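The values are calculated or read from the model by the stated rules, or taken from the named source; none is laboratory data. Just so it is clear, the model here is predicted, and its values are computed rather than measured. Glycine gets a Cβ as well: all are built from the backbone with ideal geometry, and neighbour counts include every protein chain shown.
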Amino acid sequence: MKKINIAEVAGAAGVSTTTVSRVINAVPTVSEDNRRRVQEAIKKLRYRPNPSAQRLAAGRTNTIGLLIPRFEGIFHSYFALQVIKGIGVAAERSRFDLLLHITDGTTFPSGAVDGLIFIDVYGCEDLLDRAIDEGIPTVVLNHYLEDLPVNCVAIDNRMGAERVVDYFVKLGHKEIATITGDLKTQAGLDRLDGFVNAMKDRRLPIPDGYIQYGDFGLPSARKAIESLLALPHPPTAIFVASDDMALETINVALAKGVRVPEELSVVGFDDNPIAAQARIPLTTVRQALDQMGRLGFETALQIIRGKKKLPTKLLLPTELIERQSCRQTWLER
């Protein structure tokens, strides 16, 4: 079928293409007679306006740029997929498009967008400064920016870590270690801070070697658990900063003959679906990643539509999910 253009609609209605454009974009200055003639021509010719052209005519694109810091295995990342899912569902409901831009921290979206959402700001600080300087409606996810006038939605990682320590203490554990995430990220640093503060508040010692530094990767988890098990007095419980690392921790412990949870309790962070399906279902901290994405999009939309002036700063709570990777110390030691 031949595609009808705006000039053909104008010819059929006996008006100019400008008048047709004004009718399509609901400009109130068009006379009722011309409006009726244009609408009849559109119906007769089965003309469908170009959505992009309509948006440009209205001075907007109905597109939000999603900036994603480049890292290895990004599209295998549970974190990234859940956040993008939350943003994508909210965008579809609002009839917005997403422009995904993966960056090493130096490249900026080249297409026209109404606003920007940073999936994290790690490595993209200069791009955030540029967005602010250019007055682009911007929201940062997964990084709480307390001292900057920037909209942000993040997870309360500190409180999540503190709840893990409380849980271990309730089970009778005192020798509690941690394997951290990447401390260059706010999430990794806050989970460590929450762990350390909770241990201090409960007057529990942190012996040398009980803090092992990881980077969210499996090799770092393997190295960390091997170091912990080699200590003269290994821990009875370990808080691991991600589910992937926690499951690798359990695998290495089992391979070395350490029984989980009878001799070693392990808690992760994320509530990745694989945690529930593991051979020893993992107790973990659930973070509302899709909700963070949805709220980030909704915040950006409110700014674009002029409904929000002051920066929005949201810190989302976590939830401890109990499964079978932990045990009370007095049950079987």
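For LEU320, the test of being at pLDDT 95 or above, over 21 Å from ASP182 (Cα atoms) and under 23 Å from the mean Cα position of the chain (by Cα) is passed. Of all the criteria given as (1) more than 16 Å from ARG163 (Cα to Cα); (2) in contact (Cβ under 8 Å) with a residue 12 or more places away in the chain, the one not satisfied by ALA187 is (1).
Right, ALA224: more than 17 Å from the chain's Cα centre (by Cα), free of Cβ contacts under 8 Å to residues at least 60 places away in the same chain and surrounded by 24 or more Cβ atoms within 10 Å (Cβ to Cβ) or not? So ALA224 fits the description; yes.
What single numbered condition from (1) in contact with a strand residue (DSSP E or B) (Cβ under 9 Å, 6 or more places away or on another chain); (2) at pLDDT below 95; (3) outside the structural domain of ALA80 (by TED's automatic domain parsing) fails to hold for GLU175? With respect to (1) in contact with a strand residue (DSSP E or B) (Cβ under 9 Å, 6 or more places away or on another chain); (2) at pLDDT below 95; (3) outside the structural domain of ALA80 (by TED's automatic domain parsing), GLU175 is out only on (2). Scanning the stretch 123-135 for residues that are outside any helix (DSSP H, G or I) and at pLDDT below 90 yields GLY123, GLU134, GLY135. Quick check on my filter: what residues within the stretch 227-272 are in a loop (DSSP other than H, G, I, E, B) and surrounded by 17 or more Cβ atoms within 10 Å (Cβ to Cβ)? Within the stretch 227-272, PRO234, PRO235, THR236, ALA241, SER242, VAL260, PRO261, LEU264, GLY268, PHE269, ASP271, ASN272 meet the criteria. Residue count for the stretch 258-274 under the criterion of being aliphatic (A, V, I, L, M) and within 14 Å of THR318 (Cβ to Cβ): the result is 1.
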